[in-house]
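Novice: Can you read through this structure? Questions will come right after.
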Amino acid sequence: MCGIVGYTGTNQASPFLLEGLQTLEYRGYDSAGVDILSPDGGLHGVKCAGRVATLVERCAQANLVGTCGIAHTRWATHGAPSDRNAHPHRDCSGTISLVHNGIIENFRELREELLANGHELVSDTDSEIIVHLVEESMQGPAKGDLLEAVRIATTRLQGSWALGVICTEQPGVLVCARKNSPLVITSDETGAYCASDITAIIGKSRHITQLEDGQLARLTPDGGIYVIGADGRHVPNPQTIDVSWSASEAKRGGYPDFMSKEVAEQPDAMTRLLANRLGDDGIVLDELNMTDEEVAAIDRIYIIACGTSWHVGLVAKEAIERWAKIPVSVEIASEFSYSSVLITEHTLCVVITQSGETADTLAAARRMKAMGCRVFSICNVIGCTAARESDGTIYVQAGPEICVASTKAYTSQMVASFLFALYLAHKNGNMGLDEVKEKYDALLEAPEAARTVLERSWQDRNAARAFQGRVSSLYLGRGVNATSAREGALKIKELSYLHAEAYPAGEMKHGSISMVEDGYPIVAVVPDDDTRAKMLSNIQEVKARGACVISVATDDDEDIAAQSDYVLWIPRMTEPMFNAIPAAVHLQLLARFVAVDRGRDVDKPRNLAKSVTVE
Ligand code: G6P
């Protein structure tokens, strides 16, 4: 939530800052702003409610000149989206400017204290108080040293922050700090850069410095990156990573929107993840970092996730329980703090998170760690907080996912979960090597099946017409297909703002069938598996009540076709559980067409954000 970007160097700052904000806009897009240190020694900036495009227009008129600056795109938490609440925020003297991503939990006390000390606060945000704390320490104990002033200010804060701070007293110095919110840094021959996400700086260098929680850094125009810990001590070798993907992968590349691009990338993403995963001793999953004995002893698994990743967890549960015979609890991370957790010394916690920054998921994982539980994560973003705090991580290697609604990460996370389930099943003796190989071969069909579905997108284009003029819809399935239905319904809600309810098909008769009337859209996920016969009856029940049925069915299933108004065909899969992959691709395409028909911005649905860093 919220994206921050900063630059100090020899080039003009505003082109990079505005481009960086556009890249980060998926993190929040209700207001945006920029502040630049201009050659006259003052701060000049623009901030406004609305999208980054509005800020870009305003900046063109403002003609911002200067080689050091910070910028922000906001997802409002404290205070409405408005010009006044947009970042950057300045101190009373107007000489210090700050951008913040995160939440300051003790801001009310600090606000009272600052007001009592005579500070003038002009916004409703929690972030503004930080710049006034910096102002106090700048004038007091830090004696004009911006890095030290920010460090002292952060010692007063509770909550989460990624900060970028500049000031007129130290021209060219850009100070960053992080705790529980992501921040990455890099440099090249023209200066140093910081951002909330690698995608904003990858075009400058693939060599990325990652601040650890509590660390701060001073960036200088010569590309210098000086990192200190929360105690003020120099950190000579901060954590760095070399990113393998390129800047072009984070660009739209000719597609009408990022969602189309990311949906189309699924076959390649899954192929990458599946490569070299079968060895002489079964599935290769060294990332788990556990001995064979430890793996064989796992007696219970907690899967924790949010949103689309939670749906992956539901699929993973089916696979793990069926193949590895280990009981699995799948927890919505935000609910996890209220549940009693029953762990043994052999319990494993698995967190599934595309971004690896979702606050609820991180909090739940920390709770499990504190209870002594080993944590394994399934993530997409390299070097994310979840991975850094886990005992082992499998990266799904789907590449940057920019569209707020998750697509390629979903299918890749499912593939990773299937690999994980097969690994467990073999190691704990519930599946022989031959069967593991059969299942792995069957999983290799998934990329091709997704490709076939992509070629059939015209089916989704047609079926989207069933949603025209409708205010509600119902998604049905049984078993693993009930999870596909959930994910399909979530996609429709996220992208079109159309009500969609997902129901286990057999449960429908206990309530939601009353919604069915003439033309009511019902999406039935009914591939050829052991749920098919009962699903066919459910389809007939809703057809009899006038529903417009869109079925996701296995090729050539004439019985389903006869009962459906539209069919989204998926290729026959050897392993029925893997139907969830081609089904997901159809339901993504369907949701996108429905949203486009309604004139929605599919990449940036209202009120949502890609990376939800508030609890
Ligand atoms: C947000 C995104 C969803 C995502 C969820 C969990 O709500 O809009 O697409 O599924 O967060 O994100 P994570 O990064 O933890 O998978």
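The values are calculated or read from the model by the stated rules, or taken from the named source; none is laboratory data. If you're wondering where the values come from, they're calculated on a predicted model, not measured in any experiment. Note: ideal-geometry Cβ built from the backbone for every residue, glycine included; neighbour counts use all protein chains shown. Just the protein is used for accessible areas: all its heavy atoms, side chains included, with ligands, DNA and RNA removed. Shrake-Rupley method; radii C 1.70, N 1.55, O 1.52, S 1.80 Å.
Novice: Please go through the range 561-598 and give me each residue that is part of a loop (DSSP other than H, G, I, E, B), out of contact with any strand residue (DSSP E or B) (no Cβ under 7 Å at 6 or more places or on another chain) and within 22 Å of residue 522 (Cα to Cα), ordered by number.
Specialist: 571, 598
Novice: Only residues in the range 244-269 that are closer than 11 Å to residue 402 by Cα count as the first member; pair them with residues that are among the basic types (Lys, Arg) and modelled with pLDDT under 90, Cβ under 8 angstrom, at least 6 apart or cross-chain, and list the lot.
Specialist: Final answer for the pair search is 258/252; 261/252.
Novice: Kindly evaluate residue 495 against the criterion of being open to solvent by less than 50 Å² (accessible area, probe 1.4 Å) and either assigned to a loop (DSSP other than H, G, I, E, B) or more than 30 Å from residue 321 (Cβ to Cβ) (or both).
Specialist: In short, yes.
Novice: Continuing with this model, one more query. Can you tell me which of (1) open to solvent by less than 10 Å² (accessible area, probe 1.4 Å); (2) modelled with pLDDT of 95 or more; (3) more than 16 Å from the ligand (Cβ to nearest atom) is the one residue 508 doesn't meet?
Specialist: Residue 508 satisfies every listed condition except (2).
Novice: Identify all residues within the range 394-442 that are farther than 19 Å from residue 290 by Cβ, open to solvent by 10 Å² or more (accessible area, probe 1.4 Å) and of a type in the set (Lys, Arg); write none if there are none.
Specialist: Across the range 394-442, the qualifying residues are 437, 439.
Novice: Being more than 10 Å from the ligand (Cβ to nearest atom), crowded, with 21+ Cβ neighbours inside 10 Å and in contact (Cβ under 8 Å) with a residue 60 or more places away in the chain narrows it down to one of 359, 365, so name that one.
Specialist: None of the others qualify; the one that does is 365.
Novice: Okay, moving on. Which of the residues that make up the range 516-531 are over 19 Å from residue 578 (Cβ atoms) and surrounded by fewer than 18 Cβ atoms within 10 Å (Cβ to Cβ)?
Specialist: Matches in the range 516-531: 517, 518, 519.
Novice: Mind listing just one residue for me: the one in the range 39-74 that is assigned to a loop (DSSP other than H, G, I, E, B) and open to solvent by less than 60 Å² (accessible area, probe 1.4 Å) and, of those, nearest to residue 191 (Cα to Cα)?
Specialist: 67
Novice: Moving to a separate point now. State all residues of the range 430-485 that are charged (D, E, K, R), farther than 24 Å from residue 533 by Cα and part of a loop (DSSP other than H, G, I, E, B); if no residue qualifies, say none.
Specialist: Answer for the range 430-485, where residues must be charged (D, E, K, R), farther than 24 Å from residue 533 by Cα and part of a loop (DSSP other than H, G, I, E, B): 456, 470.
Novice: Can you find even one residue in the range 280-289 that is open to solvent by less than 20 Å² (accessible area, probe 1.4 Å), more than 28 Å from residue 366 (Cβ to Cβ) and either more than 16 Å from the ligand (Cβ to nearest atom) or assigned to a helix (DSSP H, G or I) (or both)?
Specialist: yes
Novice: Run residue 23 past the list (1) within 26 Å of residue 169 (Cα to Cα); (2) open to solvent by 20 Å² or more (accessible area, probe 1.4 Å) and report the number of the one that doesn't hold.
Specialist: All conditions are met except number (1).
Novice: Filter the range 326-354 down to the residues that are within 15 Å of the ligand (Cβ to nearest atom), touching a strand residue (DSSP E or B) at 6+ places or on another chain (Cβ under 8 Å) and not acidic (Asp, Glu) and list them by number.
Specialist: 330, 332, 333, 336, 349, 350, 351, 352, 353, 354
Novice: Taking the range 234-264 as the region of interest, how many residues are open to solvent by 50 Å² or more (accessible area, probe 1.4 Å) and more than 30 Å from residue 149 (Cβ to Cβ)?
Specialist: 10
Novice: A further question on this structure: Just to verify a result, which residue in the range 141-160, among those that are open to solvent by less than 30 Å² (accessible area, probe 1.4 Å) and modelled with pLDDT under 95, is nearest to residue 86 (Cα to Cα)?
Specialist: Top of the filtered list is 160.
Novice: Another question, if that's okay. Scan (1) in contact (Cβ under 8 Å) with a residue 40 or more places away in the chain; (2) surrounded by fewer than 22 Cβ atoms within 10 Å (Cβ to Cβ); (3) under 30 Å from residue 199 (Cα atoms) for the single condition residue 325 breaks and write down its number.
Specialist: Only one criterion in (1) in contact (Cβ under 8 Å) with a residue 40 or more places away in the chain; (2) surrounded by fewer than 22 Cβ atoms within 10 Å (Cβ to Cβ); (3) under 30 Å from residue 199 (Cα atoms) is unmet by residue 325, namely (3).
Novice: Going residue by residue through the range 75-95, is there one that turns out to be within 25 Å of the chain's Cα centre (by Cα), assigned to a strand (DSSP E or B) and hydrophobic (A, V, I, L, M, F, W, C)?
Specialist: There is no residue in the range 75-95 that is within 25 Å of the chain's Cα centre (by Cα), assigned to a strand (DSSP E or B) and hydrophobic (A, V, I, L, M, F, W, C).
Novice: Would you be able to tell me the number of residues in the range 156-187 that are closer than 30 Å to residue 364 by Cβ and assigned to a strand (DSSP E or B)?
Specialist: 12
Novice: Which of (1) buried (at least 22 other Cβ atoms within 10 Å of the Cβ); (2) closer than 20 Å to residue 581 by Cβ; (3) away from the ligand (no atom under 15 Å from the Cβ) does residue 307 not meet, given it meets every other one?
Specialist: (3)
Novice: If you don't mind, another one. Whether any residue in the range 550-567 is surrounded by fewer than 20 Cβ atoms within 10 Å (Cβ to Cβ) and either outside the structural domain of residue 501 (by TED's automatic domain parsing) or in contact with a Cys (Cβ under 6 Å, 6 or more places away or on another chain) (or both) is what I want to check.
Specialist: yes
Per-residue answers, yes or no, for (1) over 18 Å from residue 494 (Cβ atoms); (2) assigned to a helix (DSSP H, G or I); (3) out of contact with any Ser or Thr (no Cβ under 9 Å at 6 or more places or on another chain):
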residue: 311; (1), (2), (3): no, yes, no
residue: 317; (1), (2), (3): yes, yes, no
residue: 322; (1), (2), (3): yes, yes, yes
residue: 326; (1), (2), (3): yes, no, yes
residue: 331; (1), (2), (3): yes, no, no
residue: 343; (1), (2), (3): yes, no, yes
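Novice: Consider residue 314 carefully, then state whether it is within 16 Å of the ligand (Cβ to nearest atom), surrounded by fewer than 23 Cβ atoms within 10 Å (Cβ to Cβ) and touching a residue at least 12 places away in the same chain (Cβ under 8 Å).
Specialist: Criteria met by residue 314.
Novice: I would also like to ask the following. Tell me, please, whether a residue that is in contact with a strand residue (DSSP E or B) (Cβ under 7 Å, 6 or more places away or on another chain), in a helix (DSSP H, G or I), within 15 Å of the ligand (Cβ to nearest atom) and of a type in the set (Gly, Ala, Ser) can be found in the range 379-391.
Specialist: Checking the range 379-391: at least one residue is in contact with a strand residue (DSSP E or B) (Cβ under 7 Å, 6 or more places away or on another chain), in a helix (DSSP H, G or I), within 15 Å of the ligand (Cβ to nearest atom) and of a type in the set (Gly, Ala, Ser).
Novice: Could you please find all residues in the range 586-615 being among the aliphatic types (A, V, I, L, M) and away from the ligand (no atom under 16 Å from the Cβ)?
Specialist: Correct list: 589, 590, 594, 596.
Matching residues to (1) closer than 13 Å to residue 472 by Cβ; (2) part of a helix (DSSP H, G or I):
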site	(1), (2)
501	yes, no
509	no, yes
517	yes, no
522	yes, no
525	no, no
529	no, no
535	no, yes
542	no, yes
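Novice: Need a quick list: strands (runs of 3 or more DSSP E) entirely within the range 188-233 having at least 1 residues that are farther than 21 Å from residue 151 by Cα.
Specialist: Those strands (runs of 3 or more DSSP E) span 191-195, 207-210.
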